[in-house]
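Report on one structure; see the data block that follows.
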Amino acid sequence: MTPAPGITLIGAARFGESPLFPPVRLEIDPGSWSCLLGPSGCGKTTILRLIAGLDTGVDFDGHIRASDGKPLPGRVAYMAQTDLLMPWLDVLGNVTLGARLRGETPDVEAAETLVERLGLSEHAHKRPTKLSGGQRQRVALARTLMEDRPVVLLDEPFSALDARTRAEMQDLAAETLEGRTVLLVTHDPGEAARLGDRVFLMDRTGMVEAVPPATPAIRPAADSETLAFQGRLLDALREPAA
Amino acid sequence: MSGVWRGLAAAVLFVGLWQALVTLADLPPFILPGPVRVAGALWSNVGLIAWHAGITMAEVLIGLALGVGLGIATAIGLAVSPAARYLIRPALVATQSLPVFALAPILTLWMGYGIWSKVVMAVLIIYFPVASAFFDGLMRTPRGWLDLGHTMGASPARLLWGIRVPAAIPSLASGLRLAAVYAPIGAVIGEWVGAAGGLGYLMLLANGRVKIDLMFATLLVLAALTLLLHRSVGWACDRLVARLD
């Protein structure tokens, strides 16, 4: 993996005439987790898609830069709320999808190692329909790791999981994505409080940064400072827009 | 196995009702011959019927292969080219307003009494369902899968072969199942308009000579072959969907 760059996004977006979000400034530090927290429809997924270079359907007026000055496309891995597993491929096939889509020979050994690391060895040859929601999201994480990109964009990847599986996946993601520049888009204050080295709050009026506790992420869920931070984030989310 | 028993039970019920209708309504054999009579006609004409069935099946299978091939090629062409969608798709839909059956006399005029006018008839009748079902499938790839492919650096061609085509196989399969039922219709219509052989031709011939029992025997064979074709294509589609890799 090449060294993880930081990312700066400055700008505003609108759908035709109606504004989606006003001018915002998002600074994502290299090699750490930044969380973008906000209610549904505030444009946080749009920001993630802009960074990923995906279609958004909005007019974005501004710029997105990597701290090393190199272009971002090709250095980004993407994980969405749904696992996006191909139902016609088994676990290993899904994990090695990227290589095949680029016309490369998949590194099956590396894929097997990853599958084992994520505790999926016994499922390596199963189709996604035979897996639970948590297992499927693990496969999606393995596929993301297999891409070995310095920047990882996570669009609410844990929100459809039950509380216990979600906490496990958060631990696993924090452990396996260490050293990469991660942007996590979420609507869950608890998730942002646990995982964010930096936390940005977003609503229709703009973006502000919340200062997380000094404890480094990933923070224990029951830690009092984490809980207090989670409470502050929730209050901030509930504040009526000025 | 239960499917076989169910099919058998349905057949027995059908034959029973048929015989009951003939007996109770006291129908003369030149209106509706009973099942025993038709079975007898089938037995004594088995060579004749088999020969004509061979011709019809050849027309159907060649038509199916060509029609499916053309339909798949059209769907892929439309899916990859916005220009083709803009230019060709309205024309394609417009052609469907013309009943294909109405073309049968013209095809016979142009291509003669041999099998090719029937092959083209079958191609015309199955081409649109196959192209349309597969095209819909290709255009309905879940957006998230395409996003994932984009971030992985897939070229449009690899996105097509690696994600869009396999994702559209179930849609193609439903088009193929329809095609398996439609193709014999096309071939038989072609034979009715003008032919030197085939089950449709034999039915008309038997009708003209008031061999109504032979006509019904031919009809039964046609139905059985269509059913067999539908089952085979369905089985192949299931295998294709299950094995996709």
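Just checking, which of B:Pro156, B:Pro142, B:Pro105, B:Pro166 is in contact (Cβ under 8 Å) with a residue 40 or more places away in the chain, surrounded by fewer than 17 Cβ atoms within 10 Å (Cβ to Cβ) and within 14 Å of chain A (Cβ to nearest Cβ)?
Values: B:Pro142 fails: in contact (Cβ under 8 Å) with a residue 40 or more places away in the chain; B:Pro105 fails: within 14 Å of chain A (Cβ to nearest Cβ); B:Pro166 fails: surrounded by fewer than 17 Cβ atoms within 10 Å (Cβ to Cβ).
Only one candidate passes the filter, namely B:Pro156.
Can you tell me which residue among A:Arg219, A:Arg194 is among the basic types (Lys, Arg) and outside any helix (DSSP H, G or I)? Steps first, please.
Numbers: A:Arg194 fails: outside any helix (DSSP H, G or I).
Going through A:Arg219, A:Arg194 in turn, just one is among the basic types (Lys, Arg) and outside any helix (DSSP H, G or I): A:Arg219.
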A:Thr144 among the polar types (S, T, N, Q) and within 13 Å of chain B (Cβ to nearest Cβ) = yes
Looking at this structure, is B:Gly175 away from chain A (no Cβ under 14 Å) and crowded, with 22+ Cβ neighbours inside 10 Å?
-> yes
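Residues to consider are B:Pro129, B:Pro90, B:Pro170; find the one that is in contact with a Leu (Cβ under 8 Å, 6 or more places away or on another chain) and outside any loop (DSSP other than H, G, I, E, B). Let's see the steps before the verdict.
Details: B:Pro90 fails: in contact with a Leu (Cβ under 8 Å, 6 or more places away or on another chain); B:Pro170 fails: in contact with a Leu (Cβ under 8 Å, 6 or more places away or on another chain).
Result of the check over B:Pro129, B:Pro90, B:Pro170: B:Pro129.
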Subset of the range A:130-139 (residues that are surrounded by fewer than 24 Cβ atoms within 10 Å (Cβ to Cβ) and of a type outside the set (Lys, Arg)) | A:Leu131, A:Ser132, A:Gly133, A:Gly134, A:Gln135
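Condition test on A:Lys70, is it modelled with pLDDT under 90 and not hydrophobic (A, V, I, L, M, F, W, C)? Show your work before the answer.
Values: modelled with pLDDT under 90: yes; not hydrophobic (A, V, I, L, M, F, W, C): yes.
Answer is yes for this residue.
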Residue among B:Ala196, B:Ala242 that alone is surrounded by fewer than 17 Cβ atoms within 10 Å (Cβ to Cβ), modelled with pLDDT under 90, out of contact with any Leu (no Cβ under 9 Å at 6 or more places or on another chain) and away from every other protein chain (no Cβ under 14 Å) = B:Ala196
Considering residues of the range A:12-45 that are in contact with a Gly (Cβ under 8 Å, 6 or more places away or on another chain) and among the β-branched types (Val, Ile, Thr) only, the residue nearest to the other protein chains (Cβ to nearest Cβ) | A:Ile28
What is the residue count in the range B:109-139 for residues that are surrounded by fewer than 22 Cβ atoms within 10 Å (Cβ to Cβ) and over 13 Å from the mean Cα position of the chain (by Cα)?
-> 11
Exclusive hit being within 25 Å of B:Ile125 (Cα to Cα) and at pLDDT below 90, set B:Leu64, B:Leu92, B:Leu78 | B:Leu92
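Look at A:Pro106 and say whether it is modelled with pLDDT of 90 or more, more than 9 Å from every other protein chain (Cβ to nearest Cβ) and buried (at least 19 other Cβ atoms within 10 Å of the Cβ). So that I can check it myself, show each step before the final result.
Details: modelled with pLDDT of 90 or more: yes; more than 9 Å from every other protein chain (Cβ to nearest Cβ): yes; buried (at least 19 other Cβ atoms within 10 Å of the Cβ): no.
For A:Pro106, the condition - modelled with pLDDT of 90 or more, more than 9 Å from every other protein chain (Cβ to nearest Cβ) and buried (at least 19 other Cβ atoms within 10 Å of the Cβ) - is not met.
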Could you check A:Leu48 against (1) crowded, with 20+ Cβ neighbours inside 10 Å; (2) within 14 Å of another protein chain (Cβ to nearest Cβ); (3) over 17 Å from the mean Cα position of the chain (by Cα) and say which number it fails?
-> (3)
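With the requirement that a residue be farther than 21 Å from A:Lys44 by Cα and under 13 Å from the mean Cα position of the chain (by Cα), what does the range A:152-171 give you? Talk me through it step by step, then tell me what you get.
Our first condition is that a residue be farther than 21 Å from A:Lys44 by Cα; within the range A:152-171, this holds for A:162-165, A:167-169, A:171.
Scanning the range A:152-171 gives a single hit, A:Met169.
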Which of the residues that make up the range A:51-80 are touching a strand residue (DSSP E or B) at 6+ places or on another chain (Cβ under 6 Å), in a loop (DSSP other than H, G, I, E, B) and either facing chain B (nearest Cβ under 9 Å) or free of Cβ contacts under 8 Å to residues at least 12 places away in the same chain (or both)?
-> A:Ala80
Out of the residues in the range A:147-176 that are more than 26 Å from A:Pro39 (Cβ to Cβ) and within 14 Å of another protein chain (Cβ to nearest Cβ), state the one that is surrounded by the most Cβ atoms within 10 Å (Cβ to Cβ).
-> A:Arg149
Selection from the range B:133-188 of residues of a type in the set (A, V, I, L, M, F, W, C) and within 18 Å of B:His230 (Cβ to Cβ) yields B:Ala133, B:Leu172, B:Ala173, B:Leu176, B:Leu178, B:Ala179, B:Ala180, B:Val181, B:Ala183, B:Ile185, B:Ala187, B:Val188
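Of all residues in the range A:196-212, which are surrounded by fewer than 18 Cβ atoms within 10 Å (Cβ to Cβ) and over 17 Å from A:Asp171 (Cβ atoms)? Quick ask: steps written out before the conclusion?
Of the residues in the range A:196-212, the ones surrounded by fewer than 18 Cβ atoms within 10 Å (Cβ to Cβ) are A:197, A:204-206, A:208-209, A:211.
Within the range A:196-212, A:Arg204, A:Thr205, A:Gly206, A:Val208, A:Glu209, A:Val211 meet the criteria.
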Odd one out for A:Leu227, checked against (1) over 28 Å from A:Thr82 (Cβ atoms); (2) in a loop (DSSP other than H, G, I, E, B) | (2)
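How many residues are under 18 Å from B:Leu229 (Cβ atoms) and surrounded by 15 or more Cβ atoms within 10 Å (Cβ to Cβ) if we restrict to the range B:41-55? Show your work before the answer.
To start, the set of residues in the range B:41-55 that are under 18 Å from B:Leu229 (Cβ atoms) comprises B:49-50, B:52-55.
Next cut, surrounded by 15 or more Cβ atoms within 10 Å (Cβ to Cβ) only: B:49, B:52-53, B:55.
Of the residues in the range B:41-55, 4 are under 18 Å from B:Leu229 (Cβ atoms) and surrounded by 15 or more Cβ atoms within 10 Å (Cβ to Cβ).
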Return the pairs, sorted by first residue and then second, in which the second residue is buried (at least 19 other Cβ atoms within 10 Å of the Cβ), the first residue lies in the range B:183-209 and is without any contact (Cβ under 8 Å) to a residue 12 or more places away in the chain, the beta carbons are less than 8 Å apart, and the residues are 6+ apart or on different chains.
-> B:Asn207/B:Met215
Going through the range B:12-56 in order, the residues found to be closer than 25 Å to B:Lys118 by Cα and in a helix (DSSP H, G or I) are B:Leu42, B:Val46, B:Gly47, B:Leu48, B:Ile49, B:Ala50, B:Trp51, B:His52, B:Ala53, B:Gly54, B:Ile55, B:Thr56
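The values are calculated or read from the model by the stated rules, or taken from the named source; none is laboratory data. Just so you know, these numbers come straight off a predicted model, no measurement behind them. Reconstructed Cβ throughout: ideal geometry from the backbone, glycine too, with neighbour counts over all protein chains shown.
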